[in-house]
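Heads up: the structure comes next, in structure tokens.
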Amino acid sequence: MQTFGVMKRSSKKLIIVAAIVVFVLAAMVVVLPAVIRARTTSASNACVNNLRQIVAAKQQWMLENNKTTNDTLSRDDVRPYLGRGAEGEIPRCPDGGTYILGRVGDLPRCSLGPSRVGGKSHMITE
């Protein structure tokens, strides 16, 4: 009879441990996608904000240099207007995309564009 009591206690412990493991796995299934979504949302928001800074820099360059919306500019042209000085860097897409400046009248684009990396778009919508 004493052996049966030991088995009963160890099976209760086993059930408790199994319940804890199931609870932790269930919590991970719920929390992990939210964490991943938050990271991709943050990166795409940063990309869009960088694109907005580039839009403002292009407009300022156009006004100060008497250009039209059909003129094109280089990365060196826009650098001084990004608030990082003449030798400053152009912002970088946090997901590894490349910014395409295009004509002054066109919105700049991220090479990741509307491909919706992680469910979020890397482009400015007018």
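Computed from the Cβ-Cβ distance with R0 of 41 Å, the FRET efficiency linking R84 to V31 stands at 0.65. Sorted on the mean count of surrounding Cβ atoms within 10 Å across their residues, most packed first, peptides 42-52, 59-69, 87-97, 19-29 read 42-52, 87-97, 59-69, 19-29.
Estimated at 0.36 nm per residue, the fully extended path between Q59 and L14 surpasses their Cα-Cα distance by 9.4 nm.
Coordinate-derived values only; no laboratory data. Source: prediction; values computed, not measured. Quick reminder, even Gly has a Cβ in these numbers, built from the backbone with ideal geometry, and neighbours come from all protein chains shown.
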